[in-house]
2 protein chains.
Amino acid sequence: MEDGKLILVGWNRSPYARRVAVSLNYYGISYEQRHQTAWEHFDEVKEINPIVKVPALIIEDGSFITESYAILDYLDCRVGPELSLMPPSSPLRDEVRRIVAIATSVIDKGRELRYEVHLRPEEHCHQPFVDRWSAQITNAISALEDMITKPFAAGEKFTQADVTLGVMYDMIQNMHPELLTVGSYPGLDLKAAKYHSMKEFQQAGLGYD
Amino acid sequence: MEDGKLILVGWNRSPYARRVAVSLNYYGISYEQRHQTAWEHFDEVKEINPIVKVPALIIEDGSFITESYAILDYLDCRVGPELSLMPPSSPLRDEVRRIVAIATSVIDKGRELRYEVHLRPEEHCHQPFVDRWSAQITNAISALEDMITKPFAAGEKFTQADVTLGVMYDMIQNMHPELLTVGSYPGLDLKAAKYHSMKEFQQAGLGYD
């Protein structure tokens, strides 16, 4: 490991890794990224993280942090309350927390849906799960569309609500385009266009060909 | 809603709901609990939470918070840094965060394993997923066993690491007993016995018959 450099283990096709990458970019923290997935690099990831998941962040002392919400908390503490993408106090923290929680839930369900329809043999696919998760995703996306009426997702400034919302939007459009057709949610489309223009997102590209 | 009373929507068989319940008990915050699952009460939960998941916490102004990590952050902010189960600063916060992240990941994989082996028709079960998730769970439990050598999970005092570790232990023992046999992890067994003696856990029983 290059001395003093953080290592983000995880490919940006993982929305969990990508929201860490966008946040690191925003904070201006230098890092190296290992484009690994737990799916394809089970043994290598197991060496770092006993639960064998990405993202994991390896910090300067060689220890790791796993789970994107935990990594983001670590980064927020590291940069301090003034710069943190998670506002330190109510009411803004409440609003950011609410949007982040719904957006991460959409990501969770999008991931389960991907496992169901893409990563298991078709004959083992269970349609009631597909229907259920699709309904949860579309219902939550509609709720988000109604919530994000301000210049940024949670108000007047860029926060973790924007990071997670942007990552969620790109993930669902890429993995489950039928659930988030451009034009169906004009408020989300506008926010996404804004995020796509930002270097923090561009420097943490999705990694699709 | 009874004026000024919080409502926790979710049954304690959900480890995510249960860690909120144990934390509320620890903080001495009075609450009413609705023993609903998103699985069985889809329409009722949808009325409260657009992503249709438990737990959700309905607070005094009628708004909701979803995702257990977000609800716990809300509660930590509510009680303040002195009482919070999440220590406000390093190095204790780092240690608690690490244990909580691994324990919640075990819970996540335990939930996916339950869906795979119990909630879908047997002919739709995909054995490679069962094997993979089981390996992730046992590997992470072994890592936790090696980490929790102090009086409490993360040191000298009771923290969110203990809440989440205790809930994880009970969940895996109840849902996947083959992955956490009593006697296999003596350090975890000892911690679990301590948690089981605490009123905060007893008052948030698992709800099994």
*Taking region A:71-86 only, how many residues are surrounded by 12 or more Cβ atoms within 10 Å (Cβ to Cβ) and either more than 8 Å from every other protein chain (Cβ to nearest Cβ) or more than 23 Å from A:LEU165 (Cβ to Cβ) (or both)?*
10
*Return a yes/no flag: does region A:100-108 have any residue that is more than 8 Å from chain B (Cβ to nearest Cβ), part of a helix (DSSP H, G or I) and touching a His at 6+ places or on another chain (Cβ under 9 Å).*
no
*In region A:116-138, what residues are part of a helix (DSSP H, G or I) and surrounded by fewer than 17 Cβ atoms within 10 Å (Cβ to Cβ)?*
A:HIS118, A:GLU122, A:GLU123, A:GLN127, A:PRO128, A:VAL130, A:ASP131, A:ALA135
*Could you run through region A:95-112 and say how many residues are buried (at least 20 other Cβ atoms within 10 Å of the Cβ) and over 13 Å from the mean Cα position of the chain (by Cα)?*
3
*Quick one: which residue in B:SER184, B:SER142 is assigned to a loop (DSSP other than H, G, I, E, B) and at pLDDT 95 or above?*
B:SER184
*Output the residues belonging to region B:37-88 that are among the basic types (Lys, Arg) and more than 15 Å from B:SER23 (Cα to Cα).*
B:LYS46, B:LYS53
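Here is a yes/no grid of residues against (1) in the same structural domain as B:ARG13 (by TED's automatic domain parsing); (2) acidic (Asp, Glu); (3) out of contact with any Leu (no Cβ under 8 Å at 6 or more places or on another chain):
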{"site": "B:GLU32", "(1), (2), (3)": "yes, yes, no"}
{"site": "B:GLN36", "(1), (2), (3)": "yes, no, yes"}
{"site": "B:HIS41", "(1), (2), (3)": "yes, no, yes"}
{"site": "B:VAL45", "(1), (2), (3)": "yes, no, yes"}
{"site": "B:VAL54", "(1), (2), (3)": "yes, no, yes"}
{"site": "B:ASP61", "(1), (2), (3)": "yes, yes, yes"}
{"site": "B:ALA70", "(1), (2), (3)": "yes, no, yes"}
{"site": "B:LEU75", "(1), (2), (3)": "yes, no, no"}
{"site": "B:ILE102", "(1), (2), (3)": "no, no, no"}
*Considering each of A:THR164, A:THR149 in turn, give the residue that is in a helix (DSSP H, G or I), farther than 18 Å from B:GLU112 by Cα and not assigned by TED's automatic domain parsing to the domain that holds A:PRO15.*
A:THR164
*Candidates B:LYS157, B:LYS199, filtered to the one that is of a type in the set (Lys, Arg), out of contact with any Gly (no Cβ under 6 Å at 6 or more places or on another chain) and without any contact (Cβ under 8 Å) to a residue 12 or more places away in the chain*: B:LYS157
_Considering only region B:60-68, I want to know if a residue exists there that is away from chain A (no Cβ under 11 Å), of a type outside the set (Gly, Ala, Ser) and closer than 30 Å to A:CYS77 by Cβ._
yes
_Residue in region B:35-58 that is under 30 Å from B:MET147 (Cα atoms), within 9 Å of chain A (Cβ to nearest Cβ) and free of Cβ contacts under 8 Å to residues at least 60 places away in the same chain present_ = no
_Looking at region B:115-130 only, could you name the residues that are under 11 Å from A:GLU116 (Cα atoms) and more than 8 Å from every other protein chain (Cβ to nearest Cβ)?_
B:GLU116
*If A:SER90 satisfies every condition in (1) polar (S, T, N, Q); (2) part of a loop (DSSP other than H, G, I, E, B); (3) over 25 Å from A:LEU6 (Cβ atoms); (4) at pLDDT 95 or above but one, which is the exception?*
(4)
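The values are calculated or read from the model by the stated rules, or taken from the named source; none is laboratory data. Quantities reported herein were computed from a predicted structural model and do not represent experimental measurements. Cβ coordinates were reconstructed from backbone atoms using ideal geometry, including for glycine residues, and neighbour counts include every protein chain displayed.
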